[in-house]
Amino acid sequence: VVFILGGPGSGKGTQCGKLTAEFRRMRHLSAGDLLREERKSATSQGEMIDQYMKEGRIIPVEITARLLKQAIDKDKHRFDVFLIDGFPRNMDNLRGWNEIVATDVNVQFMVFLECSEEVMTERLKQRGETSGRVDDNEASIRKRFKVYQSETMPVVLQFEREKKLRSVKA
Ligand code: UDP
Ligand code: MG
């Protein structure tokens, strides 16, 4: 597993798409996409996911880690490398990962997409014109940046301390 992290709009999904187009044994798993998929199927849980996303809050790791584990299990015979995009988003996500998924897989490192808030905001607003996402609007974008700074950056710094961080100018 390689984790791909960066702020909202830093290009995590885009870069993962480019990598998997080139390297056939790589599989891209977007935690956000898995949650959006899950939102469609489960009713009460679906509303909860929607609400969390609108507010830019992080969904309880029990849900996300289960989805990731299922997705890895399903494809582990066809792929060597899983790019996991948008996760772990806070320290509790990392704890949940270690409890629920980590025993079966090997995390090599984290790729961090460095990007200014100015550029990210511009991209998200543009994406919002067509994405249909509940959180690509100015109010949600502001909340997502806050959560990213306060909750996600500590995870990035943790990987840096462990010498498992590779930064890329995005
Ligand atoms: N999300 C979450 N846990 C994850 C990934 C995503 O709770 O592991 C939620 C969170 O509310 C986030 C939203 O899904 O703001 C969208 O995440 P995504 O990675 O799709 O988009 P980004 O904000 O990085 O552009
Ligand atoms: Mg994304």
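Structure data summary
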item: Qualifying residues in the range 13-44 (those that are of a type outside the set (Lys, Arg) and in contact with a Lys or Arg (Cβ under 8 Å, 6 or more places away or on another chain)) - the one nearest to GLU151 (Cα to Cα); result: ALA31
item: In the range 53-82, the residues that are within 13 Å of ligand 1 (Cβ to nearest atom) and hydrophobic (A, V, I, L, M, F, W, C); result: MET53, ILE58, ILE59, VAL61, ILE63, ALA65, LEU67, LEU68, ALA71
item: VAL101, sole failed condition from (1) away from ligand 1 (no atom under 14 Å from the Cβ); (2) in contact with a helix residue (DSSP H, G or I) (Cβ under 8 Å, 6 or more places away or on another chain); (3) not charged (D, E, K, R); result: (1)
item: Residue in the range 136-156 that is of a type in the set (Val, Ile, Thr) and either outside any helix (DSSP H, G or I) or free of Cβ contacts under 8 Å to residues at least 40 places away in the same chain (or both) present; result: no
item: Filter result for PHE23 (of a type outside the set (Gly, Ala, Ser), over 14 Å from the mean Cα position of the chain (by Cα), loosely packed, with under 15 Cβ neighbours inside 10 Å and under 19 Å from VAL105 (Cβ atoms)); result: yes
item: Considering residues of the range 16-56 that are farther than 30 Å from ASP80 by Cβ and not in a helix (DSSP H, G or I) only, the residue modelled with the lowest pLDDT; result: ALA42
item: Complete set of residues in the range 83-106 that are surrounded by fewer than 18 Cβ atoms within 10 Å (Cβ to Cβ), part of a loop (DSSP other than H, G, I, E, B) and hydrophobic (A, V, I, L, M, F, W, C); result: VAL105
item: Near pairs, Cβ below 8 angstrom, 6+ apart or cross-chain, from the range 95-123 (aromatic (Phe, Trp, Tyr)) to any residue that is at pLDDT 95 or above and part of a helix (DSSP H, G or I); result: TRP97/VAL61; TRP97/ALA65; TRP97/LEU68; PHE109/PHE159; PHE112/VAL156; PHE112/PHE159
item: Residue in the range 33-53 that is among the basic types (Lys, Arg), in contact with a Gly (Cβ under 7 Å, 6 or more places away or on another chain), within 15 Å of ligand 2 (Cβ to nearest atom) and in contact (Cβ under 8 Å) with a residue 40 or more places away in the chain present; result: no
item: Selection within the range 141-170 - touching a helix residue (DSSP H, G or I) at 6+ places or on another chain (Cβ under 6 Å) and within 14 Å of ligand 2 (Cβ to nearest atom); result: ILE141
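The values are calculated or read from the model by the stated rules, or taken from the named source; none is laboratory data. Keep in mind that what you see is a predicted model, and the values were worked out from it rather than measured. Because the Cβ atoms are built from the backbone with ideal geometry, glycine has one as well, and the counts that use them run over all protein chains shown.
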